[in-house]
Each structure stands twice: as C-alpha cells, then as structure tokens.
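Below is one structure, written out as structure tokens, with a few remarks after it.
Please treat every number below as a calculation from the coordinates, not as lab data. Source: prediction; values computed, not measured. Cβ coordinates were reconstructed from backbone atoms using ideal geometry, including for glycine residues, and neighbour counts include every protein chain displayed.
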Amino acid sequence: MTASGITASAIKAKAREIGFDACGIAPAAAHRELRFFREWIDRGYDGEMAYLRRSVDRRADVRHVLPSARSVIVTATNYNTDRGYSTECADPMRAQVARYAWGDDYHDVIGARMETLLAWMRERSPETFDARVYVDTGPVQERVYAQHAGIGWIGKNSCVIHPTIGSWIFLAEIICSLPLEIDAPSLDQCGTCTLCLEACPTQAIVAPGVLDSTRCISYLTIEKRGDIPESLHAAIGSHVYGCDVCQEVCPWNAVALHSGDPAWQPRSTWDRVDLLTLSRRTDDELAEALRGSAMRRAKAQGLRRNVVIALRNAEAPEQRRG
Ligand code: B12
Ligand code: SF4
C-alpha cells in the first residue's frame, strides 16, 4: 500500500478488467535512453514532423510535462487481428494498409479506457493527485517509458516487443504524482537477429533501433505532405497507408496472439481491398470511410496520392524489382 492508498497491483488488476493486455509502472525520470532523441532530431530523421522538433526539451523528461510526476503507468493493447501479413501477399494489386489502422481510431478507444482507469484511481485515492493521460498524443517518449515499465524491450526495428504478445500493441500512459511501486525494466531479447534491418524495403533502419523517418514508408504515406521523392516510389510497392514489414518479419510476431476486441476488427472498406477499388472511390466515400478511423490522419488526398504510386508500381512490376 502506498501513502495514497492505491497499490500498483490493484491498478494493474483494474487495467486488465478494463481490457488492457499489459500494464506496468515506470519511474517518472529522465531515463538515459531519452538523450538519444535530440541526436535523432539533429540528424534530420524527423523529416517534416515539426511537432517533434518543437518539443525536444519537454520530451527529455516526463516531469517537464507534469512537474509533480513520480510514476508513469503504461498500458499495452494488442491490436493484432486474424489476417495474413503483407510479406505473405504476392498480389501487387492488393492495397496494403497498416494493421493498426484497420479498426476504430485507437486514440478515441484507448483514450476513453485510460480515462476510466484514471477515474477509478481518483475514486479510490484518499488524497487528490495530479495526472495526465496520453495515447500517442503528448510530448512523451512512450517506448522508453514502456521499456522501463517492463512492458517489453525496444527492438532493432525500434518497436516495443512484449515477450508473449509481440509488437502489435498500442501504448498509452497515465503520468501521475503518486509514488507507486515500480516494475523492473525489460531486457533486450533481440539477440543477434537482424531480419527487420534486412527486410525494410527502403533501408530506413539505419542502425539497430535507429529509424530514419524520411525513408520510412510509414512516414512517407501517412505523415509526409505533398510529393513523395520519386527515388522511393518503387520501394513503396503496394503500401497505401503505413507499413508493417519490419514487424511482420520479426520472430517475436511469428505466432502473435489475436485480439477479439471488436474495436480492432478490420472495417470492410480496408479489408483485403484492391488498388482499383480504392482508386474508384469518390472523395466523399473515402472521407466517410476515414471517419472514426486512425487513417483520417492521411486524409483522402494523401490516400489518393499513395494509391496512384501503388497502381503505377503494380502496372510496372519489373521496375518495382529494379
Ligand atoms: C514519430 C512517430 C513515428 C515516426 C517515427 C518512428 C520511429 N521509429 O521513431 C513514424 C511516422 C515513422 C512512425 C511509424 C510507426 N509508428 Co509511430 N510513433 C511516433 C511517435 C509519435 C513518436 C516516436 C518518436 O519520437 N520517435 C523518435 C525516436 C528517436 O524516439 P523513440 O521512438 O521514443 O525511441 C527511443 C528509443 O528508441 C531510444 N533508445 C532506446 N534504446 C536505444 C538503443 C540505441 C542503440 C539507440 C540508438 C536508441 C535507443 O531512443 C529514443 C528516445 O531517445 C510515437 C508515440 C510517442 N509519443 O512516443 C508513435 C509510436 C512509436 N508509433 C507506433 C506505431 C504503431 C507505428 C507504426 C507501427 C505504424 C505503421 N504500421 O505504419 C510504424 C512503425 C515504424 C517503426 N519501425 O518504428 C506505436 C509503437 C508501438 C510499439 N509496439 O512500439 C507508438 C508508440 C504509438 C502508440 N502510442 O502506440 N511513428
Ligand atoms: S515500417 Fe516499413 S519502411 Fe518503415 S522501417 Fe519498418 S519496414 Fe522500413
């Protein structure tokens, strides 16, 4: 029992009851790994994601976001559903959409679940406390805190890998002023494996754990506005929104568990859809299909740009290989 009256184990049990697949607690500290963020920005690996560059100082320590912070409660949610991997699909006309975006927008779904957990904590706590909830929405290096909360280690593809769930997980956190019992950090279990570095179609993983966003298909198809550099078009293949290749080849995802959560089940518009069908959708139809989906980030216009590149790749397969 802490001074606040809520135990770490009670919070974890509640998190499980709400639907989270894992929960751990990290100290609210300026962990050593956070220092790499500034160097990553200095190397220009952030591309046009100006919001990252603007928040370099705040991201160096979670206490810059909440000065009274003592603990970071990190949750992980498995979003893997029962569909094959893009690396197993030989059809160049099949549109490849990143797994995380097939269902409902995780910001909304997980945000609501985190608020439920926080409301329960406030109800249980005999004293008031400060807290902030983030789901990919704040100036917080979620992977670093997840590793220190014992959720999983940061793999060579830079994703957090949970030892039994794999890396198909959303991360979210409650930063709070309660002095909760902390977990042991996860230990690196990648070993000598380099499959993700070798499989990346654009060689975006420039060193173990270091990703150059300006080459990453996920960045190019989701975050990048305007034109995508022509030199990268062929390698994009049929990826029209995001990319999962470096996770699909990861041995820790070879037998990844499936989630039965209705929130993550593929919406019909994106489920095994082909490029021609997508290209024939009107802007209104696309906008409707993007409603309530994490894919609305790319907007209909961005999606259309990506479909045009993928269609060209499908029509000229010899160039795709070149
Ligand atoms: C910007 C961003 C991106 C960028 C950059 C990704 C990247 N690898 O850096 C782009 C657009 C490319 C991207 C892509 C994807 N993303 Co993203 N993204 C983010 C975001 C908003 C910030 C990440 C960031 O700051 N990156 C910069 C790097 C430098 O910082 P970092 O990720 O914290 O990495 C730290 C550690 O790697 C640490 N470190 C630890 N050990 C070591 C060891 C060495 C040797 C080194 C050098 C460094 C190091 O250094 C860094 C901090 O200083 C986070 C949410 C968040 N607020 O954290 C989601 C997040 C990382 N993304 C997520 C997802 C799901 C994806 C995609 C799978 C989506 C898709 N399918 O298209 C891909 C995965 C691509 C990949 N291999 O990373 C999830 C990851 C879940 C997980 N299992 O790890 C997050 C956590 C969102 C969430 N809440 O669930 N993303
Ligand atoms: S998401 Fe795709 S393009 Fe980005 S690093 Fe992984 S394999 Fe490479």
Over segment 176-218, the set of residues more than 9 Å from ligand 2 (Cβ to nearest atom) and on the phi > 0 side of the Ramachandran plot is GLY191, GLY209
Give segment 269-298 a look and list any residue that's over 22 Å from the mean Cα position of the chain (by Cα), surrounded by fewer than 17 Cβ atoms within 10 Å (Cβ to Cβ) and not β-branched (Val, Ile, Thr), or say none. ASP274, LEU276, SER279, ARG280, ASP283, ASP284, GLU285, ALA287, GLU288
Tell me, please, whether a residue that is more than 22 Å from the chain's Cα centre (by Cα) and in a helix (DSSP H, G or I) can be found in segment 41-55. yes
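Considering only residues that are small (Gly, Ala, Ser) and more than 19 Å from the chain's Cα centre (by Cα), look in segment 219-255 and name the one that is nearest to ligand 2 (Cβ to nearest atom).
In this case the residue turns out to be ALA235.
Considering only segment 76-114, state which residues are small (Gly, Ala, Ser) and either without any contact (Cβ under 8 Å) to a residue 12 or more places away in the chain or surrounded by fewer than 15 Cβ atoms within 10 Å (Cβ to Cβ) (or both). Walk me through it before giving the result.
Within segment 76-114, the first condition is being small (Gly, Ala, Ser), and the residues that meet it are 76, 84, 86, 90, 95, 98, 101, 103, 111-112.
Hits for segment 76-114 are GLY84, ALA90, ALA112.
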From the list ASP104, ASP91, which one is in a loop (DSSP other than H, G, I, E, B) and over 16 Å from VAL135 (Cα atoms)? ASP91
Within segment 56-81, considering residues that are among the charged types (D, E, K, R) and in a helix (DSSP H, G or I), the one nearest to the chain's Cα centre (by Cα): ARG59
What residue, of VAL245, VAL255, is of a type in the set (A, V, I, L, M, F, W, C), out of contact with any strand residue (DSSP E or B) (no Cβ under 6 Å at 6 or more places or on another chain) and surrounded by fewer than 15 Cβ atoms within 10 Å (Cβ to Cβ)? VAL255
All but one of (1) surrounded by 19 or more Cβ atoms within 10 Å (Cβ to Cβ); (2) within 17 Å of the chain's Cα centre (by Cα) hold for ALA263; which doesn't? (1)
Take SER259 and decide whether it is closer than 26 Å to ASP42 by Cα and among the polar types (S, T, N, Q). no
Qualifying residue in segment 151-158 (condition: under 14 Å from the mean Cα position of the chain (by Cα), hydroxyl-bearing (Ser, Thr, Tyr), under 16 Å from PRO251 (Cα atoms) and in a loop (DSSP other than H, G, I, E, B)): yes
Considering only residues that are surrounded by 19 or more Cβ atoms within 10 Å (Cβ to Cβ) and of a type in the set (A, V, I, L, M, F, W, C), which ones fall in segment 198-215? CYS200, ALA204, ILE205, LEU211
When you scan segment 231-269, how many residues do you find that are at positive phi and within 12 Å of ligand 1 (Cβ to nearest atom)? 1
So in segment 167-192, with the set limited to residues that are crowded, with 23+ Cβ neighbours inside 10 Å and not in a loop (DSSP other than H, G, I, E, B), which one is farthest from ligand 1 (Cβ to nearest atom)? CYS176
With THR202, THR214 as the choices, which residue is in contact (Cβ under 8 Å) with a residue 12 or more places away in the chain, in a loop (DSSP other than H, G, I, E, B) and either within 12 Å of ligand 1 (Cβ to nearest atom) or over 30 Å from ALA69 (Cβ atoms) (or both)? THR202
